[in-house]
1. Subtracting the Cα-Cα distance from 0.36 nm times the residue separation, let me have the gained length for THR413 to ASN346 in nm, one decimal.
2. Could you give the nm distance between label points at GLU319 and ARG234, where each point is 7 Å from its Cα heading toward the beta carbon?
3. Explain nothing, just the number: dipole magnitude of the chain about its Cα centre with +1 on each Lys and Arg Cβ and -1 on each Asp and Glu Cβ, in debye rounded to the nearest 20.
4. For region 1-41 and region 294-336, compute the distance between their C-alpha centroids and round to whole Å.
5. Over region 365-448, what is the relative contact order in whole percent, taking alpha-carbon pairs under 8 Å and six or more residues apart?
6. Assuming R0 = 56 Å, can you tell me the calculated FRET efficiency for the pair THR395 and GLU141, based on Cβ-Cβ distance, to the nearest 0.05?
7. Answer with one residue from SER186, GLY272, SER134: the one whose Cα lies farthest towards the positive end of the charge dipole of the chain, charges on Cβ with Lys, Arg +1 and Asp, Glu -1.
8. Is the C-alpha gyration tensor of region 332-450 telling us rounded, prolate or oblate? Criteria: a/c under 1.5 is rounded; beyond that, a/b larger than b/c is prolate, otherwise oblate.
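No value in this document is a laboratory result; all are computed from the given coordinates. All of these numbers come straight from a predicted model, not from anything done at the bench. Quick reminder, even Gly has a Cβ in these numbers, built from the backbone with ideal geometry, and neighbours come from all protein chains shown.
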Amino acid sequence: MIKKILIANRGEIAVRIIRSCREMGILSVAVYSDADRSAMHVRYADEAYRLGAAPSSESYLNISAILNAAKKAKADAIHPGYGFLSENAEFATKVKAAGLIFIGPSPYSITAMGDKMRARELMKKANVPIVPGSGALSDSEAEIYSMAEEIGYPVMIKASAGGGGKGMRLVHSAKELIASVKLAKSEAITAFGNDAVYLEKYLLEPHHIEFQILADNHGNVVHLYERECSVQRRHQKVVEETPSPFITDTIRQEMALHAISAAKSVNYSGAGTIEFLMDKNHNFYFLEMNTRLQVEHPITERVTGVDLVKAQIKVAMNEPLDLIQEDIQQRGHSIECRIYAEDPGNGFRPSPGLIKQITEPLGLGVRTDGYVYEGYEIPVYYDPLISKLIIWAPTRKEAIDRMKRALFEYKITGIKTNISFVQRIMEAPAFVEGNYNTHFIDEHIDELLQGDQKCEQREDIAMIIAYLDYQNKQHKRMDFHKDASSKSSNWKNFGRLFRHNPY
Ligand code: ADP
């Protein structure tokens, strides 16, 4: 039995996990860095322990501090969330060695899938299609040339230990190949401490479609259908939806079988995600497996009705899955928009700072998984994700309309956000038609940024109006005794000017 769980994470995912613990009657333990003393997860958990200074290396990546906190709190288990130590086999091993339950797969599964080249080898053996590519690159330039020639340009150089959209380089022709391999190797060693790189065919107009799976320790594996994650910026997801508007039922079934084989091939246990890339002709290939909860898991929860965190906890308690494949259905349509503290009009620069005011959307079919509140100061040290807005509706069209309505209601002041940027994604004809691939944002960037630039212009106009108003008032003050019954203020007029769109 698990009675108390320490959540080795922060932000929205820590709050999300604590919510499920509370519903299950399990006590929750938060951990925090100095920058997170007043964070929502600390306020919401039953207990909280300090880990260390603000940088992640001293706090959320500090294995011994986390294990000490778990010991002090007498926790039975640790949930790693996503990011930080969630895919770190050494952490999972040490958690077990400390006599605690790691809520996630075994260190073996994490290691097997953690290295991209090793995972490709394993998938090949399990007959899961992989993106055409090479094994580890040798030092022989001639060999590298001939491998790239065989795969066919363009090729992608990938770091075997890469992740988070980092460690990838696109090569269009033989001319750039060797220089790019050298650069990729040196970047890989700096970023991941491992310089192994390999080549992959660069798929044209690809879709990123992933499958959620759940496995227990008794040999049962089910899938919970797909998530279409092709709305990406710099290889990072921004909007996700399920079902995918791009695939048919037959393809869905075929992909699901491969996802289950992939999970079984590494004796997987818990919640995991098999990512596939699909070309425009619906050929699909294994990309990688994420051995943890995904950021975008709520859209799967919304269409299947399964609480994935509760399912993870039950598997960790050695319970058999209480679902069979036939019972899991995709009902209706769900979309998630990631809301970031960033400034799209200024190169998407992170925009940490004080939240002056926040109004979150409510109403039918709306879920927000967030963690910021009025008066909270977003620290500079971590990912700028503020919340995830998750919509459900019976059809895709209604889900898009509902998402637009919810985004209209979403108001955050004090910092810049990407709310209007994702609003414009919802309005873009290619998205509305479901006719988009991973290049969607790049191809429509001008149209998607237009409003943000307009917004900036509007701020300029607002400043000019404010200055004129100030000047005007100065004059009025001087003229006060002459005309005490002055007309309505310019501020009122200014407000009326923008009344058609108060957001
Ligand atoms: P990471 O582990 O860093 O997230 P992935 O291998 O999962 O990297 O790839 C992230 C994204 O990069 C994919 O969703 C896709 O948009 C793009 N990508 C990766 N590999 C390829 C490829 N071979 N061809 C085309 N796009 C690719």
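1. Working: separation 67, 0.36 × 67 = 24.12 nm, distance 1.70 nm.
Value of the extension gain: 22.4 nm.
2. 4.1 nm
3. So the dipole magnitude of the chain works out to roughly 1660 debye.
4. 20 Å
5. On the way: 55 pairs, mean separation 18.5, N = 84.
Reported as a whole number, the value is 22 percent.
6. Values: r = 54 Å, r/R0 = 0.97.
E(calc), rounded to 0.05, equals 0.55.
7. Selected residue: GLY272.
8. Values: a/c = 2.24, a/b = 1.29, b/c = 1.74.
Oblate shape, in that a/c is at least 1.5 and b/c is the bigger or equal ratio.
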